[in-house]
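The values are calculated or read from the model by the stated rules, or taken from the named source; none is laboratory data. As the structure is a prediction and not an experimental result, all values here were calculated from the model. For neighbour counting, all protein chains shown are included, and Cβ atoms are generated from backbone atoms with ideal geometry for every residue, glycine included. Calculation scope for accessible area: heavy atoms of the full protein, side chains included, ligands and nucleic acids excluded. Shrake-Rupley method; radii C 1.70, N 1.55, O 1.52, S 1.80 Å.
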Amino acid sequence: MAKDVLCEVNNCTYWGHGNKCHADAIYVVSHKGNKASTSEETDCKTFELEV
C-alpha cells in the first residue's frame with residue numbers, strides 16, 4: 001500500500017495531522033460497476049465518522 005495516502009476529510013476516524021490517512025486498508029468503489037472514468041464516479045468506503 002502507498003505510504004502516504006492523503007485525505008482532507010478531517011472528521012474521519014482515520015484522518016491524521018497533515019491530511020494523512022491512518023487506515024490499515026483503503027476501500028474505494030465505483031458508482032458504475034467495476035469501472036470509473038473520473039474521480040467523481042468513485043467513493044471511499046473506508047470513511048468512518050469520528051465521534
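Under 8 Å between Cβ atoms, which residue pairs at least 6 apart in sequence (or on different chains) link something in the range 1-12 that is without any contact (Cβ under 8 Å) to a residue 60 or more places away in the chain with a partner that is surrounded by fewer than 10 Cβ atoms within 10 Å (Cβ to Cβ)?
Sorted first by the residue in the range 1-12, then by its partner, the pairs are Met1/Ala25; Asn11/Leu49; Cys12/Leu49.
Quick check: is even one residue across the range 36-50 in contact (Cβ under 8 Å) with a residue 12 or more places away in the chain, surrounded by fewer than 14 Cβ atoms within 10 Å (Cβ to Cβ) and in contact with a helix residue (DSSP H, G or I) (Cβ under 7 Å, 6 or more places away or on another chain)?
The answer is no; no qualifying residue exists.
Name, by its number, the condition in (1) touching a Lys or Arg at 6+ places or on another chain (Cβ under 6 Å); (2) of a type outside the set (Gly, Ala, Ser); (3) open to solvent by 50 Å² or more (accessible area, probe 1.4 Å) that does not hold for Trp15.
(1)
Would you check if there is a residue in the range 9-24 being under 10 Å from the mean Cα position of the chain (by Cα), outside any loop (DSSP other than H, G, I, E, B) and of a type in the set (Val, Ile, Thr)?
No, the range 9-24 contains no residue that is under 10 Å from the mean Cα position of the chain (by Cα), outside any loop (DSSP other than H, G, I, E, B) and of a type in the set (Val, Ile, Thr).
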